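To start, the structure under review is shown below, and the notes come after it.
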Amino acid sequence: MWAKLNADGSAIEEIIVNKKSMVVDGITHPKDLFNIWSDEERLAIGIVPVTTSGTHLNTAFYVEADASFAIASNKKSVVRTIGVKDSDKDLSDLKTAAKEKAGRDAHDLLKGFDWLIARKVTANTTIPLDVVTYMAAIRTDHKAICDAIDGASDMNAFVALHDNGTVTKWTSDSNVAQYRRNSIA
């Protein structure tokens, strides 16, 4: 990324994202000026590199302000600042979406055992105790995740649930994986 400064270097005339030919002081310069010319040659016609300061915010939780641009004190570059928070996303909407995701995750963890439930209902075949215990644990995990989401009092607490893995802590299926099927048999 480059910037074209005005004649005295006090203002940014244009931010150049894609290399292109440039007309400066009535002279058309080819787009190769970005590849072949030295920094000093570009500076002589008022074109300087843009450096980036900051890191992007996690846009799952925050609305990021538009980047800002400032000319460096030596007028040899422009600094693009990113990662400035404009606002939080709506916490209520995020909580609803997170609880819906927890519900889908729980369903996905349990659906591989539907065949055992169908067999129990239609043929009164016993469901292995390990599976019954696992299914109960997933329902407990789901409730704990939803309770933690509901308990997040502000955005920082909500983000912490994601950072510390609370919203993805599910009981392992290692004891019952052999019973899991993709569809009802």
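Just checking my list (1) 17.3; (2) 11.6; (3) 13.1 against mean projected area of the Cα convex hull in nm² computed from this structure; which label fits?
It is the one labelled (1).
Does region 7-53 come out rounded, prolate or oblate by the C-alpha gyration tensor, with a ≥ b ≥ c the root eigenvalues, rounded set by a/c under 1.5 and, if not, prolate when a/b is larger than b/c and oblate if not? If you can, show how the numbers build up before the last one.
Working: a/c = 1.43, a/b = 1.13, b/c = 1.27.
Rounded is the answer for region 7-53, as its axis ratio a/c remains below 1.5.
I want the antiparallel fraction of DSSP beta bridges within region 15-166, as a percent rounded to 5. Each step should come with its number before you reach the end.
Details: 10 of 14 bridges.
So the antiparallel bridges in region 15-166 amount to around 70 percent.
Please compute the volume of the convex hull spanned by the alpha-carbon atoms of region 91-179 and report it per residue in Å³. Let's see the in-between values first.
Values: hull volume 7.6 nm³, N = 89.
That works out to 86 Å³ per residue.
If you plug each phi of region 71-86 into the Karplus form 6.51 cos²θ - 1.76 cosθ + 1.60 with θ = phi - 60°, what whole-Hz ³J(HN,Hα) values come out, in order, with x for Gly and Pro?
6, 5, 4, 7, 6, 10, 6, 10, 9, 9, 9, 10, x, 8, 6, 7
Pull up all non-local amide H partners of Asp88: gap of 5 or more, or a different chain, and H-to-H distance under 5 Å with H placed in the peptide plane.
Excluding prolines and chain starts, which carry no amide H, the hits are Val63.
What lysines sit close enough to Lys19 to cross-link, taking a C-alpha to C-alpha distance under 27 Å and skipping anything fewer than 8 places away on the same chain?
Cα-Cα hits under 27 Å: Lys4, Lys31, Lys75, Lys76.
Mind listing the long-range amide H neighbours of Glu14? Cut-off is under 5 Å, sequence gap 5 or more, other chains count too, H placed in the peptide plane at 1.01 Å from N.
For Glu14, whose amide H was placed from the backbone, the distant partners under 5 Å are Lys4.
Which whole-Hz couplings ³J(HN,Hα) result when phi for each residue of region 31-42 is put into the Karplus expression 6.51 cos²θ - 1.76 cosθ + 1.60, θ = phi - 60°, listed in order with x for Gly and Pro?
5, 4, 4, 7, 9, 9, 5, 7, 4, 5, 5, 5
Where the centroid of each part is defined by its Cα atoms, how far is region 1-60 from region 71-88 in Å?
15
Between Thr122 and Asp8, what length in nm is gained on full extension when 0.36 nm per residue of separation is reduced by their alpha carbon distance?
32.6 nm
The numbers here are math on the coordinates, done by the rules we state, and not lab data. This structure is a prediction, so every number in the text was calculated from the model and none was measured.
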